[in-house]
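The values are calculated or read from the model by the stated rules, or taken from the named source; none is laboratory data. Remember, it's a predicted structure, so these values are computed and weren't measured experimentally. Heads up, the Cβs are rebuilt from the backbone with ideal geometry, glycines too, and the neighbour counts pull from every protein chain shown. Areas reflect the complete protein model, heavy atoms only, side chains present, ligands, DNA and RNA absent. Shrake-Rupley method; radii C 1.70, N 1.55, O 1.52, S 1.80 Å.
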Amino acid sequence: LRMAVENYLTTMVLGGVFERHPRLRFGVIECGANWLGPLMESLDMWLDIFPKAAHDLTLRPSEYIRRNVRVTAYHFEPVDTYIDRYPGVADVLAYGSDYPHVEGGRHSHQRFFEKVSRFGDEFLERFFVTNAQWLMPPI
């Protein structure tokens, strides 16, 4: 499932969709987040090697993802490790729960808090509130 999301998002980023539509909002929900950091890193690397592969992009691929994309993780994922390895994912990750489904888990907000509280109040506000709000702006 995540490979389809990675392919679609790669096509959108490198195809210039977010360049042409800078206010476009793209959410990836219930696909996990283990792929996010490596994808951001990989797209930046490939653009460095093949700069003509991107059509008139003014930002690095990871910057489009940070600006235009939000991703929810499963409660059992080591999101703190993801942030340690790939600090840019902190701008993209958003709290989500699929409770009462089994993958939603019980007390997922507490489990996430225990993993990410060390990143401070600013990150907690983004993760639990503003990153998700950004996906659903007021009408």
| query | Which whole-Hz couplings ³J(HN,Hα) result when phi for each residue of the stretch 4-13 is put into the Karplus expression 6.51 cos²θ - 1.76 cosθ + 1.60, θ = phi - 60°, listed in order with x for Gly and Pro? | reply | 5, 5, 4, 5, 5, 5, 4, 4, 5, 5
| task | Relative to the compact-globule scaling 2.2 N^0.38 Å, provide the ratio for the alpha-carbon radius of gyration of the chain. | result | 1.05
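Suppose R0 equals 35 Å; then what is the FRET efficiency for residue 107 and residue 4 from their Cβ-Cβ distance, rounded to the nearest 0.05?
Numbers: r = 30 Å, r/R0 = 0.86.
Efficiency, from the Cβ-Cβ distance: 0.70.
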| request: With label points built 7 Å along Cα→Cβ from the Cα atoms of residue 85 and residue 98, find their separation and express it in nm. | output: 2.1 nm
| How much accessible area does residue 55 have with a 1.4 Å probe, in Å² rounded to the nearest 10? | 120 Å²
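Let's see if you can work this out: charge +1 on each Lys and Arg Cβ, -1 on each Asp and Glu Cβ, no other charges. What is the dipole magnitude of the chain about its Cα centre, in debye to the nearest 20? Don't jump to the answer; show the numbers that get you there.
Numbers: 15 positive and 18 negative charges, 53 e Å.
Around 260 debye, computed over the chain.
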| query | Amide H of residue 93: which non-local residues (sequence gap of 5 or more, or other chain) have their own amide H closer than 5 Å, using H built in the peptide plane? | reply | 71
| Mind checking the dipole of the stretch 38-84: about its Cα centre, +1 per Lys or Arg Cβ, -1 per Asp or Glu Cβ, Debye to the nearest 20? | 240 debye
| Loop sites in the stretch 1-76: trypsin sites (Lys or Arg not before Pro), DSSP, at most 14 other Cβ within 10 Å | 23, 25
| request: Between residue 122 and residue 46, with labels modelled 7 Å along Cα→Cβ, what's the label distance in nm to one decimal, could you check? | output: 3.2 nm
| For the stretch 1-75, size of Cβ-based charge dipole, Lys and Arg +1, Asp and Glu -1, in debye | 280 debye
| field | Over the chain, relative contact order from alpha-carbon pairs under 8 Å, at least 6 apart, % | value | 25 percent
| query | Non-local amide H neighbours of residue 54 (under 5 Å, H modeled in plane, Pro and chain starts lacking H): which ones? | reply | none
| residue 25 versus residue 114: modelled label distance in nm, points set 7 Å from Cα along the beta carbon direction | 3.1 nm
